[in-house]
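The values are calculated or read from the model by the stated rules, or taken from the named source; none is laboratory data. Remember, it's a predicted structure, so these values are computed and weren't measured experimentally. For neighbour counting, all protein chains shown are included, and Cβ atoms are generated from backbone atoms with ideal geometry for every residue, glycine included.
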Amino acid sequence: MLKLARTREWREARGWNQQMLAEAAHVGKSTVVRVELGADVRPTSAAKIAEALEVSVADLQERPPTPLVDAPSSGSVEEDP
């Protein structure tokens, strides 16, 4: 289960109301309402909402995970003497 804390922000940036997002994502309006109130959402619903908004699921999360390719490795951090 996922939390999509930035859904409202992205929805409003598109100029959509909750019903418009629900229709575009093929989910119930109650799902959009619950997501915007902080409820967990199934990965399949998260993917539908992200696709409708033309963003990634990570874009909708409050603190998206850092891809491993971008994460600092333990051996590459330089320390000052």
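If you take the residues in region 12-22 that are at pLDDT 95 or above and in contact with a helix residue (DSSP H, G or I) (Cβ under 7 Å, 6 or more places away or on another chain), which one is surrounded by the fewest Cβ atoms within 10 Å (Cβ to Cβ)?
Out of the qualifying residues, it is 19.
Looking only at region 22-50, count every residue that is in a helix (DSSP H, G or I) and farther than 19 Å from residue 62 by Cα and tell me the total.
Matching residues across region 22-50 total 6.
Of everything in region 3-23, what is within 8 Å of residue 53 (Cβ to Cβ) and more than 15 Å from the chain's Cα centre (by Cα)? Give them in sequence order.
Listed by number, the list is empty, since nothing qualifies.
Given the options 74, 30, name the one that is modelled with pLDDT of 95 or more and over 18 Å from residue 6 (Cβ atoms).
30
Exactly one condition in (1) of a type in the set (Val, Ile, Thr); (2) surrounded by 12 or more Cβ atoms within 10 Å (Cβ to Cβ); (3) at pLDDT 95 or above is not met by residue 55; state its number.
The single condition residue 55 does not satisfy is (3).
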